[in-house]
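Take a look at the structure set out below.
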Amino acid sequence: MFRNKIVVLVFFLLSFHLFSQDKKEAQKLDTIILISNRIDLPFKANSRTINIVSAADIKNSAATNVADLLQQVAGVDIRRRGTGGAQADLYIRGGGFDQTLLLIDGIKMDDAQTGHHTMNAALPIEVIERIEIIKGPAARVFGQNAFTGAINIVTKKKLRSIASVNVEGGSFGQLNKSVTFGEEFENASFVAHIGSLTSEGYRNNSDYDNNNYFIKAIVNKKKQPIEIIGTFFDKKFGAENFYTTNPTFNEYEETQNSVIGVSTTFKNDKFKVTPRVYWRRGQDMFLLRRDDPAFFRNHHITNKVGVETNASYTSKLGITGFGVEFSRYAISSNNLGDRNRTITNLFLEHRFKLGNIVDITPGVAVSYFSDFDFNAFPGLDLGVQITDNFKAYGNVGFTFRVPTYTDLFYSDPVTSGNENLEPESAFAQEIGFKYNSTRFAGSIAFFNRDSENLIDYIRPNVNIDVFSATNIAEVNTQGFELEGAYNFQMAGYKQVLNFGYTYLNDDILDQNKDLSRYSLNTLKHQFVTRFTSKLFKNVSQNIIYKHAERTVGTSYNVWDASVIFNFHKFNFTVTANNIFNADYIESGFVPMPPSNVLFGLRYNF
């Protein structure tokens, strides 16, 4: 433990002068336009803490799915219950799994049943152009589920008329197969992907059979481009000890997630208007005993239909963004009942500058919930460009989350929902500094969040088995993040060291000692680093180290690595995970896999 902390401290001290990027990489980052649905800004111009995971980062991550990929981002806590992305919960800066919003090309993928299904919508990494991670309250931009942050997965628009076939196999009977192809026509283009991931499992009842389908098309490109996206993900997996410790249970789960969205953009020199319509469907079937469906079975089907229009207007006074969104949720469940919820959101924000130094963006979102009335989320972003390379920024904002249907109505022998729950709310503040130049780049951010009525499942003492959904007392969460990258040349090739550290402290343990099911597992110390090296023309290596220490005192260190061999149209990869066989648990009662290896072969036509 002491040696690991020394390693973290050394990297922490080095970070102040090792954050560098070469000129080409810095320019490439500056040209990325962040997608906020209304006011789109270059990455360098934003006044929030935002991470960009690029296509190159994805290639060098040694990850095979989005859940594994996001674990390499400081401040993001992915708590998995197995391999292959079968089920994983998403947390940002100590928030709950219901408090982070996931978007696909700007389409909100929130699930009114439970945030446990958020990552079910995550796309295969082969079709991802980049991932935008917005940390801190984002309710005034995206709405109520962006309580502690939001993650937007931006998909590829074209693949230059090529196709690729990928096959991977390795430990635990893992076999991943996929085909990705795209085509450019005179007035249209499309990208499509079909994939299958299977495994016998690394322990009893941990097998899975996951299938994913994706298509994105742009039609009428010459006149008024219309973008169409469609996904369907089907997962079947053994869920041993996902929710219980009873050795006689062999839990099993099947989930489906699909979305269809259509959008277009009208714009001229001053106006930009983007209408969108989408439909998201989720299905979840859980068996407490895999071979005895009659013993205990939950079956839920959720549907969300959304219609929205977002716009911006540029004038001498700055950029004004505004939008309206209407969505309708419905659920049909043998446990939660048949219910529906209607939400209407109005958004307004304005960005203006004082000279060329200060940028200010006040904004507000107003939401109407058919079952929780009106709520407003005001916020403010402020940036000060001290020099061309150095920027200070800060933001404040109110945020809000209504209970899910699981929070309100779920019932089983050890869990009880609560129809009288109040919505969660918080007031968050952040201040940060960014430095970017042709040689150095880095950022540090300090944050604080004062929350009220946080929802958790607790029991009063160990003699009572039932966990009840409860609004716990006020909770203060504070911490800081430090991130960067160091690039240098060796043997004529660029080498890259990425690293980040997050410290987080809250007072939940001081006031909630009633055996919480979720909140007591906060990630207090997190250090992640990836070293991407290249010494030969056709070979590159990646080493990933992750250190985690949680509030309850448990800590673990995990090392992953990969080697990539490039031979013209062929790519051969060897990926090793948990190299030193760390024994650890990320969520609940599920031990993570021991050391394992995956061999992959990709052919590009």
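What net charge do the residues around Ala311 carry, taking every other residue with its C-beta under 15 Å from that of Ala311, with Lys and Arg at +1 and Asp and Glu at -1? If you can, show how the numbers build up before the last one.
Working: positive: Arg38, Lys267, Lys270, Lys272, Arg276, Arg351; negative: Asp40, Asp269, Glu308, Glu325, Glu349.
With Lys, Arg at +1 and Asp, Glu at -1, the neighbours total +1.
Answer rounded, prolate or oblate for the range 34-172, using the Cα gyration tensor with square roots of eigenvalues a ≥ b ≥ c: rounded when a/c is under 1.5, else prolate when a/b is larger than b/c, else oblate.
Oblate shape, in that a/c is at least 1.5 and b/c is the bigger or equal ratio.
Please report, in debye to the nearest 20, how large the charge dipole of the chain is about its Cα centre when each Lys and Arg carries +1 at its beta carbon and each Asp and Glu carries -1 there. Could the numbers behind the result be given before it?
Details: 62 positive and 62 negative charges, 517 e Å.
Dipole magnitude for the chain comes out near 2480 debye.
State the Kirkwood hydrodynamic radius of the range 447-605 in Å, one decimal place, computed from all pairs of distinct Cα atoms.
Result for the range 447-605 stands at 19.0 Å.
Using only Cα atoms, locate the centre of the range 271-292 and the centre of the range 168-205, then give the distance between them in Å, rounded to an integer.
Using only Cα atoms, the two centres lie 20 Å from each other.
Taking a cut-off of 47 Å, what percent of all Cα-Cα pairs in the chain are separated by more than that? Working shown, then result.
Values: 16219 of 182710 pairs.
Summing the P(r) of the chain above 47 Å gives 9 percent of all pairs.
How long are the semi-axes of the equivalent ellipsoid of the range 252-390, defined as square roots of 5 times the Cα gyration tensor eigenvalues? Whole Å, largest first. Write down the numbers at each step before the final one.
Details: eigenvalues 362, 62, 49 Å².
Equivalent ellipsoid semi-axes, largest first: 43, 18, 16 Å.
May I ask for log10 I(q)/I(0) of the range 348-417 at q = 0.15, 0.18, 0.28 Å⁻¹, from a Debye sum over the Cα atoms as equal point scatterers with solvent left out?
For the requested q values the scattering log ratios are -0.67, -0.78, -1.16.
Among residues other than Ala491 whose Cβ falls under 14 Å from its Cβ, what is the net charge (Lys/Arg +1, Asp/Glu -1)?
Once all neighbours under 14 Å are counted, the net charge is +3.
Positive end of the charge dipole of the chain (Lys, Arg +1 and Asp, Glu -1 on Cβ, about the Cα centre): tell me which of Thr361, Val141, Leu504 has its Cα farthest that way.
The listed residue farthest towards the positive side: Thr361.
Using the alpha carbon gyration tensor of the range 177-287, what are the three equivalent-ellipsoid semi-axes (square root of 5 times each eigenvalue), largest first, in whole Å?
Taking √(5λ) for each eigenvalue gives 41, 17, 9 Å, largest first.
May I have the pair-distance distribution P(r) for the range 431-474, computed from all Cα-Cα distances with 5 Å bins from 0 and rounded to whole percent?
6, 16, 12, 10, 10, 8, 8, 8, 8, 7, 4, 2, 0
When the Kirkwood radius is taken over all Cα pairs of the range 450-490, what Stokes-Einstein diffusion coefficient follows at 25 °C and 0.890 mPa s, in µm²/s? Provide the component values of the computation, followed by the final result.
Details: Rh = 14.2 Å.
The Stokes-Einstein estimate is 173 µm²/s.
Karplus couplings for the range 464-478 from phi (6.51 cos²θ - 1.76 cosθ + 1.60, θ = phi - 60°), rounded to Hz, Gly and Pro as x?
The phi angles translate into 10, 8, 8, 8, 10, 5, 9, 7, 7, 5, 4, 10, 9, 10, 9 Hz.
For the range 253-306, report the % of Cα-Cα distances exceeding 14 Å.
The share of Cα pairs beyond 14 Å in the range 253-306 comes to 66 percent.
What order do you get for Arg351, Arg401, Arg439 when you list them from fewest to most C-beta neighbours inside 10 Å?
Going from least to most buried by this count: Arg439, Arg351, Arg401.
Considering only the other residues whose Cβ falls under 10 Å of the Cβ of Arg130, what net charge follows from Lys and Arg at +1 and Asp and Glu at -1?
Result for the neighbourhood of Arg130: -2.
In the chain, what percentage of the DSSP-assigned beta bridges are antiparallel, given to the nearest 5?
Taking every DSSP beta bridge within the chain, about 95 percent pair in antiparallel fashion.
Could you give me D for the range 154-233, from Stokes-Einstein at 10 °C and 1.306 mPa s, where the hydrodynamic radius is the Kirkwood radius over C-alpha pairs? Units µm² s⁻¹, please.
In µm²/s, the coefficient is 111.
FYI, it's all coordinate maths here, none of it is from the lab. Note that the structure is predicted; figures quoted are calculated from it, not measured. For neighbour counting, all protein chains shown are included, and Cβ atoms are generated from backbone atoms with ideal geometry for every residue, glycine included.
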